[in-house]
Amino acid sequence: MSVPLSTPESGTHPQPRPQPHSAPESPPDAVPLPFRHPANRALAPLGHAAPDDDPADASPHTFPDGGTWRTEIPSVEGPEVLTAVLAEAGRLGVPVHRVSQGSGVWMLTDTEIGDMLGACVAHGTELCLFTGPRGTWDVGGATGPRARGQEAVAGCVEDALRATGLGVRCLLVADEGVLWLLHRLRAAGTLPADTTFKVSALIGPVNPAAYEIYERLGADSLNVPSDLSLDQLTQIRRVSRAPMDFYVEAPDDLGGYVRMYDVAQLVRRGAPLYLKFGLSRAPVLYPYGAQLRAAALDSARERVRRGRLVLDLLARLGADGRMSPPGARLPGELRRFPVPEEGR
């Protein structure tokens with residue numbers, strides 16, 4: 001899905017530089033590539049140049065393939081929406097490492113999951129599905145997105161068992177207890193060992209201590225809120241190397257922030273990082289159904305276009321190097337709490 005870079009003047013879209021498909025399993029710590037600050041050459045003679053980057057602020061971590069960033073398209077709610085995303089990504093030349101769905105495994109039929117998984121495998125894209133019931137849609141909606149009561153926890157685990165049984169290997173989680181139970185089931189072999197767990201933006205950690213706790217509970221990537229400062233990302237990277245998911249543009253219910261011009265620094269300070277191409281001023285799609293079809297398709301295509309804008313900006317700044325190769329999905333070695341013997 002990656003093609004050689006072209007210049008903006010050529011009339012085609014600049015692409016991230018191709019990355020080698022073979023990389024050491026344990027790459028050395030990343031050395032950030034130099035890139036230019038926006039408009040710095042024009043502003044410097046006027047005395048308004050950006051300050052030099054502090055090398056101590058840069059994340060020393062990478063994905064196990066040596067890359068520092070990957071891409072994600074969220075809110076891909078079914079096979080038809082996925083088809084639109086992959087077609088638009090091909091048309092615009094946007095590499096897609098991962099697509100994620102927000103309504104939950106329980107809102108998809110086995111056939112729909114199979115169709116989505118087949119399309120993702122064919123395109124070298126990871127499929128991530130949300131685990132089951134959440135408090136937002138329960139009679140206790142005031143409790144927020146977490147699983148409310150034992151019944152909701154069991155529903156989330158049932159979704160995980162069903163999805164992995166159909167071949168899905170990435171699950172979205174919005175509850176710490178569910179995360180810990182799923183990690184224990186993975187350690188016990190009840191869930192496949194290569195299953196990964198992604199912490200939802202609905203409960204994203206906002207400080208280094210919380211981020212580390214989620215990693216140790218079993219998280220393989222964590223969606224932090226998009227209003228965290230660059231300094232706060234650096235604080236997190238000083239305690240954890242677990243991959244970070246970051247909405248470059250956040251949906252309205254998560255703040256509606258648009259941080260495109262921060263993207264080079266987000267990678268420099270937050271790596272390893274999933275650049276997540278969300279969309280503000282767009283309809284809420286969860287729980288998804290045919291009544292939202294037109295909105296889901298239109299917003300899906302626009303998310304891909306937003307991704308193209310972000311990648312173009314990275315290329316113009318010279319910050320588009322070290323993308324993980326297409327098809328990369330594993331997080332690398334992470335730290336975990338010991339799993340009780342009865343959980344093995």
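Values for this structure:
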read-out	value
Residue-count net charge about residue 88 - beta-carbon cut-off 12 Å; Lys, Arg +1, Asp, Glu -1	+4
Exposure of residue 277 as accessible area (Å², to 10), given a probe of 1.4 Å and all protein chains	0
Calculated FRET value between residue 213 and residue 261, using beta carbons and R₀ = 25 Å, to 0.05	0.20
Peptide ranges 84-92, 107-115, 169-177 listed from the most packed, as the mean C-beta count within 10 angstrom indicates	169-177, 84-92, 107-115
For peptides 234-243, 40-49, 325-334, sequence by mean Cβ density within 10 Å, most packed first	234-243, 325-334, 40-49
Partnerless cysteines, meaning none of the other Cys C-beta atoms lie under 4.7 Å away, in the chain	120, 156
At R0 = 30 Å, FRET efficiency that the Cβ-Cβ distance of residue 229 and residue 43 yields, to 0.05	0.85
Extension gain (nm, one decimal) between residue 158 and residue 188, 0.36 nm per residue minus Cα-Cα	9.2 nm
Residue-averaged 222 nm ellipticity for the chain, from DSSP H runs of 4+ at -39500 (n - 2.57), nearest 500	-10000 deg cm²/dmol
Normalised contact order of the chain, rounded percent, pairs of Cα under 8 Å and 6 or more residues apart	24
Relative contact order of segment 105-177, defined on C-alpha pairs under 8 angstrom at six or more residues apart (%)	37
FRET efficiency, residue 290 to residue 336 (Cβ-Cβ, R0 45 Å, nearest 0.05)	0.65
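The values are calculated or read from the model by the stated rules, or taken from the named source; none is laboratory data. Nothing here was measured: the structure is a model prediction, and the numbers come from that model. A quick note on method: Cβ atoms are made from the backbone with ideal geometry, for glycine too, and the neighbour counts reach across all protein chains shown. Protein only, heavy atoms only, side chains kept; ligands, DNA and RNA dropped before computing areas. Shrake-Rupley method; radii C 1.70, N 1.55, O 1.52, S 1.80 Å.
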